[in-house]
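Accompanying notes for the structure given below.
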Amino acid sequence: MKTAITLLSVSLGLFEIRAAEPLTRIMFGSCIRQDRPAPILPKIAVDEPELFIFLGDNIYGDTDDMKVLWAKYQQLAKLPGFAELRADSQIMATWDDHDYGKNDAGADYAMREESQRRFLNFWGSRKGSDRRKRDGIYHSRTFGPAGKRVQVIMLDTRFFRGTLKTGPRRTGGPYYPNPDASVPMLGEAQWKWLESELTKPAELRIIGSSIQCIPEASGQETWSNLPVERSRFFQLLEKTKANGVVLISGDRHWSEVSRLDRKGRYPIHEFTSSSLNQLHKRGTPTVNRYRALPTTYHKENYGRLTIDWNESRTSLKVDIVDLDGRVQLSKQILLEELR
């Protein structure tokens, strides 16, 4: 089998050519144990994504030893289906805590700079790219011609994030909202970059966050643990007048659809897909008053976003697909509803 880096270099040779073509099939997922079978990966490859987005916990590194971390990336590369997916599809990725290097870690993780270098090496960031000159792994790409542009914005919710407030453990974990505005999620450099990205022309914007943004905290890691930062995010969408925004996230080991209604603005939908091969032991979702569909899904799955570039009524259809290819959750949105 070819090494992961070889596969990445081959794929990158086609990246610019593919980026000029309109996307119609985008798939995404999160949470994959590199030391366990992942039969869903070959199924995804057969589903022929034009772009696949890894939303974090792409390995369970959980170490300060970068040799161990790198060895686990190589285990991921050897999983059946990963090579085919890497060779045939464009790939974008962000990290969450476990591939960052430590459970629930933020800026306090001592090896964050070293981990960033391994992440960029594995996922094929070019030497001399801007991503290698700055802290954090946030980045974006725009695909397709004018009128059919899809901007994919990948956030880094780990490198800059401050210490979370803890208390008595609840259903989802020990974390509680902290109203202290000085505790960051993205960091000022990433906020400035995000504002610039949101002013760029695009018909559809997919923003990837490793942790959930819309659902409120029930003890788990979410943007709601830092409510000032969460409000800042939605205020930035209003300030930039960014149209076409859809959120995707992972982390939770179940899948669900959330919707945030905004007065005088279009609603924001968030599609959470988790996990690729890591089942949730508890199997009970935390409370989410923003849940847009009555059910959640708790077994292996991935998200599939299909775009119909109909000139009169462009539509987006987002499915949560199980290991057998069956659709477990589904939501359709017209692009005109995101303006």
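Every condition in (1) at pLDDT 90 or above; (2) polar (S, T, N, Q); (3) in contact with a helix residue (DSSP H, G or I) (Cβ under 9 Å, 6 or more places away or on another chain) holds for SER30 except the one numbered (3).
Quick check on the stretch 268-276. Is at least one of its residues exposed (fewer than 15 other Cβ atoms within 10 Å of the Cβ) and of a type in the set (S, T, N, Q)?
Step one: of the stretch 268-276, the residues exposed (fewer than 15 other Cβ atoms within 10 Å of the Cβ) are none.
Scanning the stretch 268-276, I find no residue that is exposed (fewer than 15 other Cβ atoms within 10 Å of the Cβ) and of a type in the set (S, T, N, Q), so the answer is no.
Cβ-Cβ contacts under 8 Å between residues 6 or more apart (or on different chains), taken from a first residue in the stretch 319-339 that is farther than 17 Å from ASN243 by Cα to a second residue that is of a type in the set (A, V, I, L, M, F, W, C) and surrounded by fewer than 19 Cβ atoms within 10 Å (Cβ to Cβ), are listed as ASP319/VAL327; ILE320/VAL327; VAL321/VAL327; LEU329/LEU293; LYS331/ALA292; LYS331/LEU293.
Report yes if ALA38 is closer than 23 Å to PHE271 by Cβ and buried (at least 16 other Cβ atoms within 10 Å of the Cβ), otherwise no. It is true that ALA38 is closer than 23 Å to PHE271 by Cβ and buried (at least 16 other Cβ atoms within 10 Å of the Cβ). Within the stretch 274-296, residues that are within 18 Å of LEU76 (Cβ to Cβ) and touching a residue at least 24 places away in the same chain (Cβ under 8 Å) reach partners that are β-branched (Val, Ile, Thr) and not in a loop (DSSP other than H, G, I, E, B) with beta carbons closer than 8 Å, at six or more positions or on different chains, in the pairs LEU276/ILE40; ASN277/ILE40. Here THR142 does not fit the description of being in contact with a strand residue (DSSP E or B) (Cβ under 7 Å, 6 or more places away or on another chain) and under 26 Å from VAL68 (Cα atoms). Residues in the stretch 183-213 that are in contact (Cβ under 8 Å) with a residue 12 or more places away in the chain and of a type in the set (Gly, Ala, Ser): GLY187, ALA189, ALA202, GLY208, SER209, SER210.
Taken as a whole, the stretch 265-283 holds at least one residue that is more than 28 Å from GLY173 (Cβ to Cβ) and either of a type in the set (A, V, I, L, M) or in contact with a helix residue (DSSP H, G or I) (Cβ under 6 Å, 6 or more places away or on another chain) (or both). Looking only at residues of the stretch 20-35 that are under 17 Å from the mean Cα position of the chain (by Cα) and open to solvent by less than 10 Å² (accessible area, probe 1.4 Å), we find that the one that is farthest from ASP319 (Cα to Cα) is ILE32.
Would you check which residues across the stretch 5-27 are of a type in the set (S, T, N, Q) and at pLDDT below 95 and list them?
Residues satisfying the conditions are THR6, SER9, SER11.
Taking each residue of the stretch 232-244 that is at positive phi and looking for partners that are surrounded by fewer than 17 Cβ atoms within 10 Å (Cβ to Cβ) and modelled with pLDDT under 95 with beta-carbon atoms closer than 8 Å, six or more apart or interchain, yields GLY244/ARG339.
The listed residues are THR157, THR199, THR166, THR240, and the only one of them that is under 18 Å from THR272 (Cβ atoms) and of a type in the set (S, T, N, Q) turns out to be THR157.
Any residue at all in the stretch 279-290 that's in a strand (DSSP E or B), closer than 18 Å to ILE40 by Cβ and of a type outside the set (S, T, N, Q)? No, the stretch 279-290 contains no residue that is in a strand (DSSP E or B), closer than 18 Å to ILE40 by Cβ and of a type outside the set (S, T, N, Q). Of everything in the stretch 299-316 that is open to solvent by less than 40 Å² (accessible area, probe 1.4 Å) and part of a loop (DSSP other than H, G, I, E, B), the residue that is farthest from GLY219 (Cα to Cα) is TRP309.
Against the test of being at pLDDT 95 or above, closer than 30 Å to VAL257 by Cβ, open to solvent by 50 Å² or more (accessible area, probe 1.4 Å) and out of contact with any helix residue (DSSP H, G or I) (no Cβ under 8 Å at 6 or more places or on another chain), the options LYS78, LYS43 yield a single qualifying residue, LYS43.
The values are calculated or read from the model by the stated rules, or taken from the named source; none is laboratory data. These figures come from a predicted structure and were not determined experimentally. Heads up, the Cβs are rebuilt from the backbone with ideal geometry, glycines too, and the neighbour counts pull from every protein chain shown. Protein only, heavy atoms only, side chains kept; ligands, DNA and RNA dropped before computing areas. Shrake-Rupley method; radii C 1.70, N 1.55, O 1.52, S 1.80 Å.
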